[in-house]
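Trainee: Mind looking over this structure? Questions follow.
The values are calculated or read from the model by the stated rules, or taken from the named source; none is laboratory data. All values derive from a computational prediction rather than experimental measurement. Using ideal geometry, Cβ is built from the backbone for each residue, glycine included, and neighbour counts are taken over all protein chains shown. Surface accessibility is based on the protein's heavy atoms, side chains included, excluding ligands, DNA and RNA. Shrake-Rupley method; radii C 1.70, N 1.55, O 1.52, S 1.80 Å.
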Amino acid sequence: MSQTAPSPIDQSALDRICDAHRRLLEGKDGGHLANLAGADLSGLSLTERDLRDANLSEARLDACDLTDADLRGARLSGASLTGATLVRCQLDGADLRGCDLTDADMSAARCAGADFREYALPAPSGSRGSAASKITRLDKASLAGSVLDRARLAGVSARGARFDETSLSAARFNRADLEGAVFVNAIFSGTGFGSANLTDADFRNCDEQAADITMATTKGLLTGILPDETDLPALGPDTDPRTPQQRLDDHAKRVRTGGKEGKPARLDGLDLRGVEPLTGAALTALQAVRANFAGLNMREAELQGARLTGADLRRCDLRGADLRGADLTGANLAHADLRGAILGPLSLGADRQIPVNLAGARLRYADLRDCDLSTARTDGLDTEHARR
């Protein structure tokens, strides 16, 4: 049973509708689907509300506060959210076609699989012409640190939008207008920009090889590497003829046999993104200073005492990994999943312990639930918008 909201609506009425929707989701008596289609909710608060699968199509949500709201699977097609606050909002799988998100703050929002494509407006009754369509607008919006993996953004207007440190694996921006958009430190992996307008966009510190810019307009596109402000150790010459995969396999063999077979791996500065998944890998005391592990599955890997200074571990799956005593000084773990990772000290006997070193590390937007950092070195640690 659905409950249709009046338009406009006040905060107390909105709260009652949200409470009834929550009861529906919890299977309790008195629950009703929140049907807020076409409602005027401008300036109201939906902070931390659970509105999964709610109907907000063509609603007015200008300047609304949706911080930490759960809108997974919600219908927002044609809605106006200009100047709205959607910080850490959950929008996975949401229908955002034709939304106006101009000047919206979507920092650290989760929009995996969300649909931002154009919205076909219903044709007027009795009309014989083709239905009009409405593009999605993200002009000057901030999506810094958001997750847009597999999101469909074809044809959006996002002029001057901020996508810095955003996870964009398999996202599609085909034909999008991205003039002046900022993608610094964004995570590309099969990201599509075919026929997009990238005039004066900023791709610095991005892996351009992981993006498809076929037929895109790239006049003034900024690329290259920004200076690293972290004081990281210089790398020596790499004279090991073995491939990265062979080195990892030999190192794991050495760990498993107690040093009887294999030999230790030195992976300083190497790009390891092409190796096999490291799920449960025996990598105790691995040395991989400034190595690139971005996006790798390292779930339950044994990394006790590993030296990962300045390593790129963005978007890595490190759930349940054993990182006792690891040196992660200056490492970048943005968007990494560290749920249940072991971050305590490494015991060397005789009351000697080595703590995890996270000094100067970046854990922005990382998932730190069920993690204990109480004994770790955390001076200069950046955990902005990390989930705890």
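Trainee: Among Val156, Val275, Val182, which one moves the most in a GNM of the chain with springs linking Cα atoms closer than 10 Å?
Mentor: Val275
Trainee: With springs connecting C-alpha atoms under 10 Å apart, model the chain as a Gaussian network and identify which of Ala234, Ala216, Ala376 has the largest mean-square fluctuation.
Mentor: Ala234
Trainee: Measuring with a 1.4 Å probe in the full set of protein chains, what accessible area per residue, in whole Å², belongs to the chain? Don't skip to the end; give the middle numbers.
Mentor: Working: 17440 Å² over 388 residues.
So the chain comes to 45 Å² accessible per residue, rounded to a whole number.
Trainee: Quick one: what are the phi-derived ³J(HN,Hα) couplings along the stretch 257-268, Karplus 6.51/-1.76/1.60 with θ = phi - 60°, whole Hz, x for glycine and proline?
Mentor: 9, x, x, 6, 10, x, 8, x, 9, 10, 10, 4
Trainee: Using a Cα-Cα cut-off of under 27 Å, which lysines could be cross-linked to Lys253, ignoring same-chain neighbours fewer than 8 residues away?
Mentor: Reachable lysines: Lys263.
Trainee: By accessible area of protein heavy atoms, probe 1.4 Å, what ranking do Asp164, Asp212 get, highest first?
Mentor: Asp212, Asp164
Trainee: From the backbone phi of the stretch 197-209, what are the Karplus-calculated ³J(HN,Hα) couplings (6.51 cos²θ - 1.76 cosθ + 1.60, θ = phi - 60°) in whole Hz, Gly and Pro given as x?
Mentor: Working through the residues one at a time gives 8, 10, 4, 6, 6, 10, 9, 5, 6, 10, 8, 4, 5 Hz.
Trainee: Could you give the distance between the Cα centres of the stretch 188-225 and the stretch 248-310, to the whole Å?
Mentor: So the separation of the two Cα centres works out to 31 Å.
Trainee: Here's something else I'd like to know. Between Lys260 and Arg388, how high is the FRET efficiency from 1/(1 + (r/R0)^6) when r is the Cβ-Cβ distance and R₀ = 35 Å? Nearest 0.05. Write out the running numbers ahead of the final one.
Mentor: Numbers: r = 42 Å, r/R0 = 1.20.
After rounding, the FRET efficiency stands at 0.25.
Trainee: Expressed as a whole percentage, what fraction of the accessible surface of the chain belongs to carbon and sulfur atoms when a 1.4 Å probe is rolled over the protein heavy atoms? List each step's numbers first, then the result.
Mentor: Numbers: 7620 of 17440 Å².
About 44 percent, which is the carbon plus sulfur part of the accessible surface.
Trainee: Excluding same-chain residues fewer than 8 positions from Lys219, which lysines have a Cα within less than 24 Å of its Cα?
Mentor: Counting by Cα, and skipping residues close in sequence, Lys219 has these lysines nearby: Lys140.
Trainee: Relative to the Cα centre, what is the charge dipole magnitude of the chain, using +1 at the beta carbon of each Lys and Arg, -1 at the beta carbon of each Asp and Glu, and rounding to the nearest 20 debye? Show your work: numbers first, answer last.
Mentor: Working: 49 positive and 57 negative charges, 167 e Å.
It comes to approximately 800 debye.
Trainee: If each of Arg16 and Gln245 carries a label point 7 Å out from its Cα toward its Cβ, how far apart are those two points in nm?
Mentor: A separation of 6.4 nm, rounded to one decimal place.
Trainee: Lys253: accessible area at probe 1.4 Å, nearest 10 Å²?
Mentor: The value for Lys253 is about 90 Å².
Trainee: Moving to a separate point now. If you count, for each residue, the other Cβ atoms within 10 Å and average over each peptide, how do 379-387, 317-325, 239-247, 65-73 line up from highest to lowest?
Mentor: Working: 379-387: 16.2, 317-325: 23.3, 239-247: 12.9, 65-73: 21.8.
Per-residue Cβ counts within 10 Å, averaged per peptide and sorted highest first, yield 317-325, 65-73, 379-387, 239-247.
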